[in-house]
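Worksheet: the structure to be examined is printed underneath.
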Ligand code: AMP
Ligand code: MG
């Protein structure tokens, strides 16, 4: 009798956009809603939980943009003016005496009655102490009007914004000492594979050092996550069950490895027993296989094990997922069009992310784009996206995503 071999029809690859859309929808369905108040100094990298409204006008009063002289324009007919007061930043002025001017310094409040400032370089101090202005003057010149930056009640930073040095500086200008932020996501990081050994130990036959753990733990910390480093998980079902059971209260289990081949996919087996798991074959290179599922209600993302694949899939998919869990609205990295500094003659059926460096205004790609070569990324400034079915040539514009956009 002839054995009948059933060949399952190959599923089409999932476009990156679809995977991202699905992940973001999953993130929106499981938002981290707990918030906490933290001092500005502890808010770097956190996500603002409520809209920040201005509690004061900024600047609170008109002030001088220059070191110079404040006057009322209508008082000046071309004749020199007497100087009747000196106003330093941080000091309250007297109203301006009509027909005179005030010596004023940058950031000092304009005296009542003054409506323009002439910079000191255009003023000539006469022997009798009066000042002659040598250039024409205009109403409002060198004056920073009250409220030019914000007005009381205006939305200054929207909820869902990640707080960096600039946002924190802005919050400080408005007098905020604390901000309401979203609780840090707790992420368990697992590295799967019998071959893995931690740096510092010696390698046995067939073993390699675990690089993904370091890569992901550091990256997650930069993203403001609390990391539960669950170490290396051997390719063993019982140990995998035991490890998963001991992870405790986390928002995400992030694993690497074991997603490409069914045989050593013990994480997948354990997850299927206790929840559900989907294997997505993505139309990207590196990083074709990716899993998403739940273990006892906790979301799990399984990234491919090759380090460059881990990098690309974490940056393009897991990172936006984690940010969206915290309510971040803008999760897409800024990307730029740059001329290709290479030829790509063979069109692929997957979107390629080539580790590339910007040199002389062109994107040059690393010589070895293998998904196992993390050095390609260490050499690079970011990745060039080569879309499915395209063959960019030297000088043609390609999309470049800088690592600086992904790593923070
Ligand atoms: P896997 O998906 O488990 O078959 O792994 C794919 C490739 O990535 C194999 O060459 C693994 O040895 C390698 N790999 C998996 N996990 C890691 C890791 N944590 N660090 C470095 N290489 C890894
Ligand atoms: Mg493995």
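Values in this text are rule-based calculations from the coordinates and carry no lab data. Quantities reported herein were computed from a predicted structural model and do not represent experimental measurements. Methodologically, a virtual Cβ is constructed for each residue, glycine included, from the backbone with ideal geometry; neighbour enumeration extends over all protein chains shown.
Of note:
- Convex hull (Cα only) mean projected area of the stretch 336-407, reported in nm² to one decimal: 4.5
- Cα long-axis angle, helix 212-222 against the chain (0 to 90 degrees, to the nearest 10): 30
- Comparing mean-square fluctuations of 68, 268, 129 from a GNM of the chain with C-alpha springs under 10 Å, the top value falls on 129.
- Nearest-ten-degree value, helix 16-29 long axis tilted from longest Cα axis of the chain: 80
- A helix-only calculation puts the chain at -5000 deg cm²/dmol for mean residue ellipticity at 222 nm, using -39500 (n - 2.57) for each DSSP H run of at least four residues, averaged over all residues.
- Restricting the calculation to Cα atoms, the stretch 250-408 yields a radius of gyration followed by a Dmax of 16.7, 54 Å.
- At the listed q of 0.12, 0.18 Å⁻¹, the Debye profile of the stretch 63-144, built from one uniform point per Cα, gives log10 I(q)/I(0) equal to -0.26, -0.60.
- With contacts taken as Cα pairs under 8 Å at a separation of at least 6 residues, the stretch 263-408 carries a relative contact order of 22 percent.
- Inter-centroid distance (Cα atoms) of the stretch 198-235 relative to the stretch 34-95, Å: 50
- In the chain, Rg over Rh equals 1.18, where Rg is the alpha-carbon radius of gyration and Rh the Kirkwood radius from pairwise Cα distances.
- Contact order normalised by residue count of the chain, Cα under 8 Å, 6+ apart, percent: 16
- Top of 73, 53, 216 by mean-square fluctuation, Gaussian network on the chain, Cα under 10 Å: 73
- Fraction of antiparallel bridges per DSSP, the chain only, in percent to nearest 5: 65
- Distance (nanometres) between label positions extended 7 Å along Cα→Cβ at residue 281 and residue 138: 6.6
- Beta bridge orientation in the stretch 184-325: antiparallel %, DSSP, nearest 5: 40
- Part-to-part distance (alpha-carbon centres) for the stretch 345-400 and the stretch 273-294, which is given in Å: 24
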